[in-house]
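The values are calculated or read from the model by the stated rules, or taken from the named source; none is laboratory data. Fair warning: this is a prediction, and the values are worked out from it, not measured in the lab. Glycine gets a Cβ as well: all are built from the backbone with ideal geometry, and neighbour counts include every protein chain shown.
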Amino acid sequence: MTSLIERLPAVRGRYTEDADLAKTTWFRCGGPAEVLFRPADADDLVEFLASRPADVPVTVIGVGSNLLIRDGGVPGVVIRLARGFTEVSVEGERLRAGAGALDLNVALTAQQAGLTDLEFFSGIPGTVGGALRMNAGAYGGEIKDVLIEAEAVDPFGKRHRLDAAAMGFSYRRSTVPAGWIFLSALLQGRQGDPAAIAQRMAEIRKSREETQPTRARTGGSTFKNPEGHKAWQLIDKAGCRGLRIGDAMVSDKHCNFLINTGAATATDIETLGEEVRRRVFENSGIRLDWEIRRIGVPSQRGPGAVVEAGPEAGPEAGETA
Ligand SMILES: Cc1cc2nc3c(=O)[nH]c(=O)nc-3n(C[C@H](O)[C@H](O)[C@H](O)COP(=O)(O)OP(=O)(O)OC[C@H]3O[C@@H](n4cnc5c(N)ncnc54)[C@H](O)[C@@H]3O)c2cc1C
């Protein structure tokens, strides 16, 4: 039988078969990509999309800070934008950033150029591509507030320029079709005081360290805040703080974060998330929606058993998100 990789077009970037994705995601779990493709640059990606077999599914990932990859892995081709997509350059009061650039590098480049309004990027541990897809935001800023235009490529390899209105941004969401891949973003900054910019970024770092398990294996906020509510408060009220399934646990520090405390499987984490949703609905009548993106296919192995939170799992000060 012909393997998938043999059916794929010749590229300048790299294909890897049966590629371990767990090590590239924040949760550190989940199955492999049937084929992982790291395009050399935007032209390489465009040519790949234009000439790949139509039946091959394609999924793009950033640095996996908002992603749960199921244990059975991801069929088809997973695209990771790395070298060739990470440049951040200053154009007057604007910044042009490749979709593979880390949000932190956007903030740092802006700081070095004395540009303000972009400090919030330092609070988001993803890439520019992930930020465009998720309308990422933190500490009073969202990418929708500073985006002039994004460049994207559709599943057939046609390039598009999208202004902020065409992105269809709302809370943690863009309406750009799921199969489109962002290539870059042009962002608007404003001349500011370099000392004040550095101070704001230091405040953001401190606040994150105090309120989030920033060094844990997590996917960040698991559920969106429902209109008029904070997801963490609903989860806390439903008694889920510290709840465990296998090595998956509802964070004690920020209970809208799920954590892999050791060898949790994606099934453990997803089942725990669903158990939290069930308990919150029972307790408050509100259905939480997943903010974390779940991709891939489940494995046959079931989850671990539910373990109720211990008495030590009490609310902590400073929980804000
Ligand atoms: C500790 C922690 C704190 C966090 N705090 C915040 C926060 O304050 N605010 C916030 O908004 N988020 C937060 N997050 C979530 C996450 O960092 C953001 O959603 C981020 O934008 C995801 O970027 P990523 O590169 O990791 O994308 P991934 O997690 O890899 O992917 C997320 C989605 O984006 C899509 N995607 C990725 N790249 C592209 C591309 N080039 N083109 C099209 N689609 C693409 C993927 O297909 C997937 O659907 C936090 C996460 C963690 C772990």
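More than 7 Å from the ligand (Cβ to nearest atom) and within 17 Å of Asp41 (Cβ to Cβ): is that true of Val146 in this structure?
Working: more than 7 Å from the ligand (Cβ to nearest atom): yes; within 17 Å of Asp41 (Cβ to Cβ): no.
For Val146, the condition - more than 7 Å from the ligand (Cβ to nearest atom) and within 17 Å of Asp41 (Cβ to Cβ) - is not met.
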Worksheet item: Is segment 191-211 home to any residue that is out of contact with any helix residue (DSSP H, G or I) (no Cβ under 9 Å at 6 or more places or on another chain), buried (at least 16 other Cβ atoms within 10 Å of the Cβ) and either within 30 Å of Thr265 (Cα to Cα) or among the charged types (D, E, K, R) (or both)?
Response: yes
Worksheet item: within 13 Å of the ligand (Cβ to nearest atom), at pLDDT below 95 and more than 15 Å from Gly179 (Cα to Cα): does that describe Thr86?
Response: no
Practice prompt. Identify all residues within segment 166-200 that are farther than 30 Å from Arg38 by Cβ and part of a helix (DSSP H, G or I); write none if there are none.
Written response: Pro194, Ala195, Ala196, Ile197, Ala198, Gln199, Arg200
Fill in: Residues satisfying the stated conditions in segment 1-20, i.e. part of a loop (DSSP other than H, G, I, E, B) and more than 19 Å from Thr86 (Cβ to Cβ)
Met1, Thr2, Ser3, Leu8, Pro9, Ala10, Asp20
Worksheet item: Of all residues in segment 31-70, which are in a loop (DSSP other than H, G, I, E, B) and among the aliphatic types (A, V, I, L, M)?
Response: Ala40, Ala54, Val56, Val63
Worksheet item: Within segment 128-157, which residues are touching a residue at least 24 places away in the same chain (Cβ under 8 Å) and over 20 Å from Thr175 (Cβ atoms)?
Response: Ala138, Tyr139, Gly141, Gly157
Worksheet, complete the sentence: Note: among Ala97, Ala110, Ala152, Ala101, just one is modelled with pLDDT of 95 or more and more than 14 Å from the ligand (Cβ to nearest atom), namely Ala110
Discussion item. Cβ-Cβ under 8 Å, sequence separation 6+ or interchain: first residue in segment 280-308 and farther than 21 Å from Gly242 by Cα, partner part of a strand (DSSP E or B) and more than 16 Å from the ligand (Cβ to nearest atom). Which pairs?
Written reply: none
Worksheet item: What number of residues within segment 161-174 are touching a residue at least 40 places away in the same chain (Cβ under 8 Å) and surrounded by 14 or more Cβ atoms within 10 Å (Cβ to Cβ)?
Response: 2
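Residues are listed down the side, and each one gets a yes or a no for (1) in contact with a strand residue (DSSP E or B) (Cβ under 9 Å, 6 or more places away or on another chain); (2) within 15 Å of the ligand (Cβ to nearest atom):
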residue: Glu209; (1), (2): no, yes
residue: Asn225; (1), (2): no, yes
residue: Asp289; (1), (2): yes, yes
residue: Gln300; (1), (2): no, no
Fill in: Residue satisfying all of: in segment 225-267; of a type in the set (Lys, Arg) and closer than 29 Å to Ser299 by Cα; surrounded by the most Cβ atoms within 10 Å (Cβ to Cβ) among these
Arg241
Fill in: segment 212-229, subset charged (D, E, K, R) and in contact (Cβ under 8 Å) with a residue 40 or more places away in the chain, residue farthest from Asp252 (Cα to Cα)
Lys224
Fill in: Whichever residue in segment 34-64 is buried (at least 23 other Cβ atoms within 10 Å of the Cβ) and small (Gly, Ala, Ser) and, among such residues, is farthest from the ligand (Cβ to nearest atom)
Gly64
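Can you name the residue in segment 175-190 that is in contact (Cβ under 8 Å) with a residue 24 or more places away in the chain and surrounded by fewer than 18 Cβ atoms within 10 Å (Cβ to Cβ) and, of all such residues, is farthest from the ligand (Cβ to nearest atom)? Show your work before the answer.
Of the residues in segment 175-190, the ones in contact (Cβ under 8 Å) with a residue 24 or more places away in the chain are 176, 179-190.
Add one more test, that the residue is surrounded by fewer than 18 Cβ atoms within 10 Å (Cβ to Cβ), and what stays is 179, 186, 188, 190.
On the way: Gly179: 9, Leu186: 15, Gln188: 19, Arg190: 21 Å.
Here the residue is Arg190.
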